[in-house]
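Shown next, in structure tokens, is the structure this report addresses.
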Amino acid sequence: MSYTLHRGDALTVLKSLPDESVQAVITDPPYNSGGRTSSDRTGRTARAKYVTSNSAHDLANFPGENRDQRSYRSWLTELLTEAYRASTEHAVAMVFTDWRQEPTTSDALQMAGWTWSGTIPWIKPSSRPRKGGPKQDSESIIWGVKGSLDNTRDLYLPGHYIASQPRKGRVHITQKPVEVMQQLVQVCPEGGTVLDPFTGSGSTGVAALREGRRFVGVELSAHYADVAEERLRAELTKDDFELAGPEA
Ligand SMILES: C[S@@+](CC[C@H](N)C(=O)[O-])C[C@H]1O[C@@H](n2cnc3c(N)ncnc32)[C@H](O)[C@@H]1O
């Protein structure tokens, strides 16, 4: 299996991808959420929004969290439109979001041409309790299809996931669990290409390589591109090691 990691802006890179060159788009964009007011959402960094003050880690901030609601919708629509053009017929798009941005994300997905086909809850048991109200312990994966699902494939996937964010060895503020990503990447036929325009630390890519899919990623932060590169390379090296077997 192989991967290509582009360092730069997702929209710029997506515009350069050939038509119909990927079989799935699985991504976790900056949510541009995390606050009750517009200035809360646009004025705070990703770290301020998503890392609690008593957090055990000291991971780097990431860019792209300061759009207001109107520009987030336009930007995500343009992005998903380019992703649609770069996808083959029957490709599936899966976009992570939170409760506040769910309506905007499903609007953007549909405006871009995808047929919105469902919302997959991701439940995170280790979330903090909330005093006086319900625990905020889930995020959502809005998904859609280019045309219709390929019903010749013998594929059955769960409709929800229960998994905590990685704790041990965590390398990104909003890192997704690889075990969940390994299930999601199966919407891409084996040997096909999974695109993640917001690679972060590379969890989608690691999952794709593990499941025998190719990976194309984009990451704007130089720091997180380095982290992703390291994880992706380690995944390929591991394959070589496993194929060759340990030395006697
Ligand atoms: C929510 S995080 C993705 C985390 C990833 N799923 C993981 O498990 O590590 C979003 C990532 O998008 C990157 N990003 C923000 N704006 C971007 C842009 N315009 N183009 C490419 N990447 C961008 C951020 O640096 C951040 O690492």
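The values are calculated or read from the model by the stated rules, or taken from the named source; none is laboratory data. Not measured: the values here are computed from a predicted model. A quick note on method: Cβ atoms are made from the backbone with ideal geometry, for glycine too, and the neighbour counts reach across all protein chains shown. Surface areas here come from the heavy atoms of the whole protein model, side chains and all, with no ligands, DNA or RNA. Shrake-Rupley method; radii C 1.70, N 1.55, O 1.52, S 1.80 Å.
Quick one: plug the Kirkwood hydrodynamic radius of the chain (C-alpha pairs) into Stokes-Einstein at 37 °C, 0.692 mPa s, and report D in µm²/s. Diffusion coefficient, whole number: 177 µm²/s. Heavy-atom surface analysis with a 1.4 Å probe gives the chain a carbon and sulfur content of 50 percent of its accessible area. Only helices enter the 222 nm calculation for the chain: every DSSP H run of n ≥ 4 contributes -39,500 (n - 2.57), and dividing by all residues gives -10000 deg cm²/dmol, rounded to 500. Per residue, the convex hull around the alpha carbon atoms of the range 122-195 comes to 135 Å³. For the chain, the Cβ-based charge dipole about the Cα centre amounts to some 1220 debye (Lys, Arg positive; Asp, Glu negative; other atoms uncharged). Between Thr27, Thr237, Thr115, the GNM of the chain built on Cα springs shorter than 10 angstrom shows Thr237 fluctuating the most.
Per residue, the accessible area of the range 3-244 comes to 48 Å² when a 1.4 Å probe rolls over the protein heavy atoms. The alpha carbon gyration tensor of the range 175-244 gives principal lengths a ≥ b ≥ c with a/c of 1.5 or higher and a/b no greater than b/c, which makes the shape oblate.
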